[in-house]
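Novice: Below is a structure I'd like to ask you about.
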């Protein structure tokens, strides 16, 4: 049993039981010597053997912990049987050994199966009463004493079982509380990371991006101010380099913090992208996604990036007039579907070309890699002239979605 608030109680009860067993065994030896029992030598040997067998039970229990449950149960039963047999022989030679039945009660109640506990306690009680009656005259004390001892042992044993059950329940509760605390800490870390990424995005936007934009404008102005000046090609190259870097910086800012996702939710972010980037007079984009999804922000960000990559392919290559984005969430997972009625393609040919390095379908490859990082499944269903449907299935763990992408 692992350490709990009731562990000192259990340790105290077990220690008291060990002390009681050793004290009663010592009493049997002393009485055999003092009373001049003719079998004193045999009684002493049996008492020592009984103590050794009793102590061997603790060693046996520690060794059996490394084995299976069947091995532990069998070794425990064998040990209890050996201890009982030695006690029977000892009580046959010395009536004082009958008092050892009291600690044996607790062993039977603790070690034996539910159906055998009462039988073992009742049988050992009758044997103790019979031993006391056969060695001396039958008395009320000789009958009532073992019966009272058996009753007390049963009551204490039941109390011990109740305490053990309560300790196990409390330990489980503490474990669940610790797991909940860890989940809350993880959520706080995710929120902190998200906030820091948003801060970095704002800082980069307000400093680096603005600076590159200003450099680009100044170089463009210089280029137009004196078209025939020496070194104009260098000015033009610097302006183009600044434009490329500015585009990269803006892409980096978008990767760092999808502001619409943070502030408005997944559905609103996708609808905004559909209205501003994907829709056109020739193309209708439908978004069937709830504004609020019960998913961690890193996982929502990953789904948003996957949708952006897929819709970029739709816009560039599909020639579709309709496209639909949907996200469905249940207790075990989340599914993202993006379908269009465009010209379609042969997925096998595209994957074969990508494997040989001859394909320019970087968007589909990046999407597949991102889904694999999330331990998800990507399905591409497309035929020439019949449109395309991309399905992403992500499994959520039982304690709640982690949503973190692997490094």
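Novice: Yes or no: residue 219 outside the structural domain of residue 297 (by TED's automatic domain parsing), over 30 Å from residue 297 (Cα atoms) and touching a helix residue (DSSP H, G or I) at 6+ places or on another chain (Cβ under 8 Å)? Let's see the steps before the verdict.
Specialist: Working: outside the structural domain of residue 297 (by TED's automatic domain parsing): yes; over 30 Å from residue 297 (Cα atoms): yes; touching a helix residue (DSSP H, G or I) at 6+ places or on another chain (Cβ under 8 Å): yes.
So residue 219 passes the test.
Novice: Sort through 343, 335 and tell me the only one that's assigned to a strand (DSSP E or B), over 26 Å from residue 252 (Cα atoms) and either modelled with pLDDT of 85 or more or more than 26 Å from the chain's Cα centre (by Cα) (or both). Step through it out loud before you land on a result.
Specialist: Numbers: 343 fails: assigned to a strand (DSSP E or B).
Step by step, each of 343, 335 is checked, and only 335 is assigned to a strand (DSSP E or B), over 26 Å from residue 252 (Cα atoms) and either modelled with pLDDT of 85 or more or more than 26 Å from the chain's Cα centre (by Cα) (or both).
Novice: Okay, next question. Got a sec? Which of 144, 121 is part of a helix (DSSP H, G or I), on the phi < 0 side of the Ramachandran plot and not assigned by TED's automatic domain parsing to the domain that holds residue 83? Walk me through how you get there before you give the answer.
Specialist: Numbers: 121 fails: not assigned by TED's automatic domain parsing to the domain that holds residue 83.
Testing whether each residue is part of a helix (DSSP H, G or I), on the phi < 0 side of the Ramachandran plot and not assigned by TED's automatic domain parsing to the domain that holds residue 83 leaves just 144.
Novice: From the list 127, 147, pick out the single residue that is surrounded by 14 or more Cβ atoms within 10 Å (Cβ to Cβ), closer than 21 Å to residue 93 by Cβ and touching a helix residue (DSSP H, G or I) at 6+ places or on another chain (Cβ under 8 Å). Walk me through how you get there before you give the answer.
Specialist: Details: 147 fails: closer than 21 Å to residue 93 by Cβ.
After applying the criteria, what remains is 127.
Novice: Has region 318-332 got any residue that is in contact with a strand residue (DSSP E or B) (Cβ under 8 Å, 6 or more places away or on another chain), modelled with pLDDT of 80 or more and in a helix (DSSP H, G or I)?
Specialist: yes
Novice: Given 40, 64, 22, which one is buried (at least 16 other Cβ atoms within 10 Å of the Cβ) and modelled with pLDDT of 75 or more? Step through it out loud before you land on a result.
Specialist: Details: 64 fails: modelled with pLDDT of 75 or more; 22 fails: buried (at least 16 other Cβ atoms within 10 Å of the Cβ).
Every option except 40 fails the conditions.
Novice: Of all residues in region 27-39, which are more than 15 Å from residue 135 (Cβ to Cβ) and without any contact (Cβ under 8 Å) to a residue 12 or more places away in the chain?
Specialist: 30, 33, 34
Novice: Then there is this: Name the one entry in 116, 79, 87 that is at pLDDT 75 or above, surrounded by fewer than 20 Cβ atoms within 10 Å (Cβ to Cβ) and in a helix (DSSP H, G or I). Spell out the reasoning first.
Specialist: Details: 79 fails: surrounded by fewer than 20 Cβ atoms within 10 Å (Cβ to Cβ); 87 fails: surrounded by fewer than 20 Cβ atoms within 10 Å (Cβ to Cβ).
Step by step, each of 116, 79, 87 is checked, and only 116 is at pLDDT 75 or above, surrounded by fewer than 20 Cβ atoms within 10 Å (Cβ to Cβ) and in a helix (DSSP H, G or I).
Novice: To continue, here is another question. With the requirement that a residue be touching a residue at least 40 places away in the same chain (Cβ under 8 Å) and either surrounded by 23 or more Cβ atoms within 10 Å (Cβ to Cβ) or more than 16 Å from residue 380 (Cβ to Cβ) (or both), what does region 317-330 give you? Show your work before the answer.
Specialist: Step one: list which residues in region 317-330 are touching a residue at least 40 places away in the same chain (Cβ under 8 Å), which gives 318, 320, 323, 325, 327.
Of everything in region 317-330, those that are touching a residue at least 40 places away in the same chain (Cβ under 8 Å) and either surrounded by 23 or more Cβ atoms within 10 Å (Cβ to Cβ) or more than 16 Å from residue 380 (Cβ to Cβ) (or both) turn out to be 323, 325, 327.
Novice: Limited to region 270-311, what total is found for residues that are surrounded by 14 or more Cβ atoms within 10 Å (Cβ to Cβ) and part of a helix (DSSP H, G or I)?
Specialist: Number satisfying all stated conditions: 21.
Novice: Another one. Might you check whether a residue that is modelled with pLDDT under 75 and closer than 21 Å to residue 95 by Cα occurs anywhere in region 153-165?
Specialist: Checking region 153-165: at least one residue is modelled with pLDDT under 75 and closer than 21 Å to residue 95 by Cα.
Novice: I would also like to ask the following. Which fully enclosed helices (runs of 4 or more DSSP H) of region 186-265 have 1 or more residues being modelled with pLDDT of 75 or more and under 52 Å from the mean Cα position of the chain (by Cα)? Don't jump to the end; show me each part of the working.
Specialist: Values: elements: 210-225, 232-256, 259-264.
Qualifying helices (runs of 4 or more DSSP H): 210-225, 232-256.
The values are calculated or read from the model by the stated rules, or taken from the named source; none is laboratory data. Small disclaimer: the values here were computed from a predicted structure and weren't measured. Here the Cβ is made from the backbone with ideal geometry for all residues, glycine too, and neighbour counts use every protein chain on show.
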